[in-house]
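Heads up: the structure comes next, in structure tokens.
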Amino acid sequence: MNQLIISAATEGEVNPLMPNIWEMGVVFVGFAILFFIVVKFVVPMFEKTFAERAEAIEGGIAKAEKAQAEASAALEEYKQQLTDARAEANRIREEARAEGAQILADLKEKAAAESARITAQAHAQIESERQAAVVSLRAEVGTLATTLAGRIVGEALTDDERAARVVDRFLADLETQSAGAAK
Amino acid sequence: MHLPAILPWGAAEGFSKQMLLVLLSVVFIAVFFVLAARKQQLVPGKLQFAGEAAYGFVRNGIAKDIIGGRDFIKYVPLLFSLFFFILVNNIYGAIPFFQLPTFSHVGGAYVLAGIVYFTWIAIGVKKNGLRYFKLATVPSGVPWFILPIVIPIEIISNFLVRPVTHSLRLFATMLAGHLIVMIAGYGIEFLIMQENVLLKGTSVLVLAGAIAMYMLEALIMVLQAYVFTLLTAIYIEGALHADSH
């Protein structure tokens with residue numbers, strides 16, 4: 001308390017707006033030193049870092065842009081290649097299909113020809129066998145029939161020429177009958 | 001509130017506490033920022049990051065925003081030095097043991113405001129020649145018959161009042177804040193000394209008020225450093241672009 005009163009009493013006469021000249025001097029010198037240090041060291045060092053950082057970032061951006069351009073060029077190229085490959089594949093498939101169809105048609109034709117040939121051959125064989133059978137039957141049947149008829153009639157029908165004529169006529173009648181029935 | 005005179009230096013008073021604090025502040029600021037800026041890396045460490053944030057605040061938040069253009073960088077050192085010099089010297093008032101804002105004595109405020117005053121006038125003259133004084137005092141687009149009133153007002157406000165308000169704003173806020181906290185301290189001491197228990201108890205109320213004032217004062221200390229620097233930037237900008245104002 002006493003200290004307060006004393007200091008109030010001694011300082012009461014001092015106008016607070018009147019500066020202490022020595023204090024002004026110290027502030028001036030102190031600020032000047034600080035300003036010198038700031039100008040000489042602090043600002044250049046910070047600005048250098050800022051500039052480097054900006055450059056690093058901008059350089060990075062430029063690099064990234066370049067990489068992106070390269071990537072998109074590569075992508076374009078790959079797309080082009082893919083399109084080409086697709087076209088190529090389509091073409092090959094188309095060709096294969098056409099070729100396949102061709103082969104199939106050929107085979108079909110060949111098969112049809114073969115089957116026709118086999119059928120014709122079979123027909124011919126059957127026909128010839130039938131002819132053979134008919135001939136042999138005709139001979140046998142004629143002999144049997146004349147033998148049978150001779151026995152029944154009791155008369156020798158050994159006149160071969162006549163007998164053969166009779167048999168032939170009979171068989172021709174028979175064939176016309178069977179042909180009429182078949183129609 | 002002075003330390004005892006350290007040296008019998010000067011006529012009336014010796015080496016005051018203020019003087020010691022000013023020199024200490026220079027050491028604090030210089031050491032901190034030189035350490036923070038010394039080993040610069042693209043990816044900053046903690047100290048460098050703090051230094052860069054503080055530097056960037058003045059550089060971008062004040063210099064670039066107010067002065068702008070390409071050559072704001074020329075004025076960054078002055079603004080940066082001013083801001084941190086005033087900030088540290090103000091913050092002393094909120095730190096126990098120091099407990100004294102340097103600018104509660106008016107001398108320092110006069111010095112800084114004077115430096116700023118001559119700086120912006122020099123910038124104006126360098127940029128515009130002697131025509132600067134005409135540009136700064138004769139506003140364009142004002143009818144001729146009002147000029148006799150406007151010109152004296154402009155002269156007084158720009159060249160006479162400006163440095164005074166610039167310095168006294170800082171000094172007055174620091175002195176007032178310092179006095180309030182100090183008086184609260186003495187008040188608490190006085191009340192605790194009382195015999196009456198109830199009266200003694202009221203010291204708690206004063207303590208609460210003092211803490212609130214202390215917080216407010218801490219805010220004002222930072223704010224005044226910012227305001228002083230901001231006004232400096234505005235004055236410099238005005239001098240640079242006098243022809244467009």
* To do: Kindly check whether there is at least one residue in segment A:143-155 that is outside any helix (DSSP H, G or I) and either surrounded by 10 or more Cβ atoms within 10 Å (Cβ to Cβ) or more than 60 Å from the chain's Cα centre (by Cα) (or both).
  => yes
* To do: Go over the candidates B:S167, B:S203 one by one and state the one that is of a type outside the set (F, W, Y), over 30 Å from B:Y110 (Cα atoms) and touching a Gly at 6+ places or on another chain (Cβ under 8 Å).
  => B:S203
* Which members of segment B:97-145 meet the condition of being aromatic (F, W, Y), in a loop (DSSP other than H, G, I, E, B) and closer than 18 Å to A:I21 by Cβ? -> none
* To do: Would you check if A:L174 is modelled with pLDDT of 90 or more and surrounded by 10 or more Cβ atoms within 10 Å (Cβ to Cβ)?
  => no
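Does segment B:157-174 hold any residues that are crowded, with 16+ Cβ neighbours inside 10 Å and over 17 Å from B:V222 (Cβ atoms), and which are they? Before you say what the answer is, go through the steps one by one.
If we filter segment B:157-174 for residues that are crowded, with 16+ Cβ neighbours inside 10 Å, which is where we start, we get B:158, B:162-163, B:166-174.
B:N158, B:R162, B:P163, B:H166, B:S167, B:L168, listed by residue number.
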* To do: Confirm whether B:G69 is assigned to a loop (DSSP other than H, G, I, E, B) and either under 29 Å from B:Y186 (Cβ atoms) or at pLDDT below 90 (or both).
  => yes
* So which residues in segment A:24-48 are among the aliphatic types (A, V, I, L, M) and within 7 Å of chain B (Cβ to nearest Cβ), if there are any at all? -> A:M24, A:V26, A:V27, A:I33, A:L34, A:I37, A:V38, A:V39, A:V42, A:V43, A:M45
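Residue-by-condition table, conditions (1) farther than 20 Å from B:H105 by Cα; (2) within 14 Å of chain A (Cβ to nearest Cβ):
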residue: B:M174; (1), (2): no, yes
residue: B:M182; (1), (2): no, yes
residue: B:E189; (1), (2): yes, yes
residue: B:V197; (1), (2): yes, no
* Of the numbered conditions (1) of a type outside the set (D, E, K, R); (2) modelled with pLDDT under 80; (3) part of a helix (DSSP H, G or I), A:T158 fails exactly one; give the number of that condition. => (3)
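In the set B:T173, B:T165, which member is touching a residue at least 24 places away in the same chain (Cβ under 8 Å) and closer than 19 Å to B:L231 by Cβ? Please lay out each step first, then the result.
On the way: B:T165 fails: touching a residue at least 24 places away in the same chain (Cβ under 8 Å).
Among B:T173, B:T165, only B:T173 is touching a residue at least 24 places away in the same chain (Cβ under 8 Å) and closer than 19 Å to B:L231 by Cβ.
The values are calculated or read from the model by the stated rules, or taken from the named source; none is laboratory data. Quick caveat: nothing in here was measured; it's all calculated off a predicted structure. FYI the Cβ positions are ideal-geometry reconstructions off the backbone, even for glycines, and counts take in every protein chain you see.
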